Amino acid sequence: MITFEAVTKRYPDGTVAVDDLSLVVPDGQIVVLVGPSGCGKTTSLRMINRLIDPSEGKILLDGTDIRTRPPAQLRRGIGYVIQQTGLFPHRTIEDNIATVPVLNGVGRGQARARARELISQVGLDENLARRYPHQLSGGQQQRVGVARALAADPPVLLMDEPFSAVDPVVRASLQDQLLSLQAELHKTIVMVTHDIEEAIKLGDTVALFHPHGTLAQVAPPQQLLAAPADDYVAGFVGFDRGIRRLSFVPTGGLQLSPAPAVPADTTVTQARAAGHPWIVVTDAASGAPRGWIETARLEAVSGETLLGQAGTEPLGRSFVAGTDSLRAALDAAVLSPAGQAVAVDEAGRVVGTASFDQLRAAIQAETAAEQAAAELRQAEPSP
Amino acid sequence: MTWSWIPQNGALIWQLTRENLYLGVVPALIGLVISLPVGILAARWRWFYPPMLALFNILYAIPSLALFIALIPAFGLTDTTVIIALTIFSLCVILPNVVAGLRQVPASVKQAATAMGYGPVRRLATVELPLAVPVIFAGLRIAVVAGISLASIGQLIGVSSLGYLFIDGLQRSFPTEIWVGVVLIVVLALACDLILVAIRRVLTPWTAARS
């Protein structure tokens with residue numbers, strides 16, 4: 001656990017980078033510090049491994065003031081990942097990863113063996129072990145940076161805009177990789193980003209900074225989206241926070257209607273007889289949705305034609321009932337030409353549809369529950 | 001060209017070549033040994049570098065022959081005079097490269113090293129200096145090549161080198177001797193340069209690796 005107790009960082013020229021910051025980072029959680037540039041988020045991060053020392057206040061690591069420990073020893077127990085990767089250009093990938101274990105006195109052979117394990121664990125090919133950093137892509141280098149930070153198995157990981165310098169596709173895959181690593185390793189992670197989307201995706205808790213080193217709100221992401229503390233937070237979170245919040249709401253409570261699903265090997269005559277205004281055409285073998293067809297349009301098609309040949313409109317997307325979020329379901333409804341979201345089960349078979357009315361009911365039920373929870377939080381303020 | 005002159009004077013040519021090599025290479029090596037600590041301090045304390053560089057630039061501007069003559073009262077007509085003068089010249093090219101080499105180590109790399117628990121000395125020895133090697137070697141190569149060529153001027157104050165062949169050849173109006181001297185100096189300089197490039201390749205395997 002990392003605890004900031006009334007920490008202030010003031011520079012000799014009078015600039016206050018961090019102003020009276022108190023914050024708790026619980027064990028095994030990802031806390032994301034987010035805010036505009038110059039808000040003190042990076043300064044706060046670097047005070048944890050003493051790259052910067054606070055002017056006032058103190059920082060505790062598992063209850064011990066970090067100033068009581070020699071900096072080098074403290075740092076070897078804290079993994080550090082930065083945007084520019086900071087990989088050593090003159091060392092191979094495996095030796096980069098082995099850095100901290102070797103500093104700690106682990107034999108080079110053993111440290112390299114561990115490095116190779118980590119190379120696969122972060123999703124890289126072991127053949128890269130003997131390459132040099134400049135021979136890797138930006139995304140690969142960043143994975144090596146994460147592996148290096150994990151090499152000595154430190155309980156704490158500090159990440160300073162780790163995924164900001166890579167393209168969006170690579171960034172998303174690095175973020176997913178981090179979440180899956182974290183599910184396994186349960187590190188205490190403090191991450192800095194200026195990207196609120198990233199904060200919301202990765203954070204168990206998001207600490208949003210004002211421009212001048214004070215905290216605007218510290219909350220789990222869904223709460224930040226549902227109940228921003230003030231206009232600044234609401235503005236920073238973005239205009240579509242109402243919809244984004246739905247990412248955190250499961251579809252378990254969503255009422256589904258029986259789907260007007262008809263297999264592709266049905267004849268048009270039979271399909272018309274079913275009497276639905278829109279039909280979801282499904283794959284005859286797998287039951288997976290293939291597209292929508294409007295029954296009215298079938299009038300112009302010969303009755304003997306199979307539905308699969310009748311020309312469907314694209315499905316847009318479907319959502320996995322119970323697993324995907326309400327946001328995915330809403331997206332599916334918006335994209336659907338019939339205005340209905342197609343729900344599938346884990347195997348991809350159509351299980352039902354959800355109309356906008358049904359989605360609205362689910363959203364309203366969730367909002368009511370969230371409001372009740374918020375009132376509960378206000379009634380008994382957290383310590 | 002009188003080709004037969006060359007084998008007849010083989011022993012002399014070989015001796016002059018060795019002397020020229022010694023006078024050219026030793027000052028560069030001494031320059032490197034001095035430049036490393038001074039350069040490390042200069043890279044660390046920014047105020048220290050401009051006056052240092054100004055001093056060496058002024059020394060560099062002094063004609064080498066004048067510098068030899070200035071040193072004669074103290075060290076006489078000896079190897080030492082030539083070596084000291086050429087060491088000063090070598091400092092002028094090696095020191096800026098040591099400083100530049102250390103300064104071009106990316107800040108992110110230094111910060112990452114510190115954050116991983118390197119102390120300042122260990123970081124310098126195992127991260128910063130290795131990464132500065134290519135730039136330092138660029139300076140060392142210039143110093144060695146220039147040193148081998150400048151060493152011949154030592155002949156003017158009587159310190160033996162391939163410069164002897166120029167002066168003797170001129171006095172005797174014997175071009176063969178002058179040509180042999182010129183070619184040997186160029187060959188010597190090129191050979192030393194190639195050796196330095198080879199050493200640098202061994203020291204910096206990462207620069208050879210292709211993507």
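Each value in this text was obtained by applying a stated rule to the coordinates, not by laboratory testing. Note that the structure is predicted; figures quoted are calculated from it, not measured. No Cβ is skipped: glycine too gets one built from the backbone with ideal geometry, and neighbour counts run over all protein chains shown.
Once you sort the root eigenvalues of the Cα gyration tensor of the stretch A:240-383 as a ≥ b ≥ c, which label holds: rounded (a/c under 1.5), prolate (a/b larger than b/c) or oblate (the other case)?
In terms of gyration-tensor shape, prolate.
Taking θ as phi - 60°, what are the ³J(HN,Hα) couplings along the stretch A:93-106 by the Karplus curve (6.51, -1.76, 1.60), each to the nearest whole Hz, with x for Gly and Pro?
4, 5, 6, 4, 5, 6, 3, 5, x, 5, 4, 7, x, 6
Once you mark the GluC sites (Glu not before Pro) that are in a DSSP loop and have at most 10 other Cβ atoms within 10 Å, what is the longest gap between them in chain A?
My reading of the result: A:1-303 is the longest stretch.
If the elastic network links every pair of Cα atoms under 10 Å, which of B:LEU150, B:LEU102, B:LEU77 fluctuates the most in the Gaussian network model of chain B?
The residue with the greatest mean-square fluctuation here is B:LEU77.
Looking at the stretch B:14-72, what % of the alpha carbon pairs are farther apart than 14 Å?
Beyond 14 Å sits 71 percent of the P(r) for the stretch B:14-72.
Given the protein assembly as shown, what percent of its DSSP beta bridges are antiparallel, to the nearest 5?
Of those bridges, close to 55 percent are antiparallel.
Step through the residues of the stretch A:316-325 one at a time and calculate ³J(HN,Hα) from phi using the Karplus curve (6.51 cos²θ - 1.76 cosθ + 1.60, θ = phi - 60°), rounding each to whole Hz and writing x for Gly and Pro.
For the stretch A:316-325, the Karplus curve yields x, 7, 10, 10, 8, 4, x, 9, 6, 8 Hz.
Tell me, in nm to one decimal, what length is gained between A:GLU5 and A:TYR232 on full extension, where the rule is 0.36 nm per residue of separation less the Cα-Cα distance?
79.3 nm
When a/c is below 1.5 the answer is rounded, else prolate if a/b is larger than b/c, else oblate, so apply that to the stretch A:104-202 with a ≥ b ≥ c taken from the square roots of the Cα gyration tensor eigenvalues.
In terms of gyration-tensor shape, oblate.
Distance check, please: which entries in A:LYS9/B:LYS110; A:LYS41/B:LYS110; A:LYS41/A:LYS187 exceed 25 angstrom between their Cα atoms?
Correct reply: none exceed it.
Please check which bits of the stretch A:66-96 a label hung off A:ASP53 would reach, taking the label as a point 7 Å along Cα-to-C-beta and the cut-off as backbone N under 17 Å.
A:66-75
So which chymotrypsin sites (Phe, Trp or Tyr not before Pro) in the stretch B:1-82 end up in coil per DSSP with only 16 or fewer other C-beta atoms within 10 Å?
Of the chymotrypsin sites (Phe, Trp or Tyr not before Pro), the ones in loops of the stretch B:1-82 whose Cβ has at most 16 other Cβ atoms within 10 Å are B:TRP3, B:TRP45.
What is the distance in Å between the Cα centroid of the stretch A:247-283 and that of the stretch B:167-211?
Distance between centres, Cα-based: 84 Å.
What residues have an amide H closer than 5 Å to that of A:VAL192, excluding those fewer than 5 places away on the same chain, when H is modeled at 1.01 Å from N in the peptide plane?
Long-range HN contacts for A:VAL192: A:LEU33, A:MET159, A:ASP160, A:GLU161.
Could you check the spin-label model distance between A:ARG67 and B:ILE62? Points 7 Å from the Cα along Cα→Cβ, value in nm.
Going from the A:ARG67 label point to the B:ILE62 one covers 5.2 nm.
Over its Cα atoms, what ratio of radius of gyration to 2.2 N^0.38 Å does the stretch B:72-170 give?
1.55
For q values of 0.07, 0.12 Å⁻¹, compute log₁₀ I(q)/I(0) with the Debye formula on a Cα-only model of the protein assembly as shown, without solvent.
Ignoring solvent entirely, the Cα scatterers give -0.66, -1.17.
Calculate the mean, over all residues of peptide A:66-72, of how many other protein chain Cβ atoms lie within 10 angstrom of the residue's Cβ.
Per residue, the average neighbour count from other chains is 2.
Could you tell me whether the stretch A:150-261 comes out rounded, prolate or oblate from its Cα gyration tensor? Rule is a ≥ b ≥ c as square roots of the eigenvalues, rounded for a/c under 1.5, then prolate if a/b exceeds b/c, otherwise oblate.
oblate
Could you let me know the centre-to-centre spacing of the stretch A:87-164 and the stretch A:320-357, using Cα atoms, in angstrom?
Cα centroid to Cα centroid, the span is 41 Å.
Do the sum for chain B: with -39,500 (n - 2.57) for every DSSP H run of n ≥ 4, divided by all residues, what is the mean residue ellipticity at 222 nm, to the nearest 500 deg cm²/dmol?
The per-residue figure over chain B is -26000 deg cm²/dmol.
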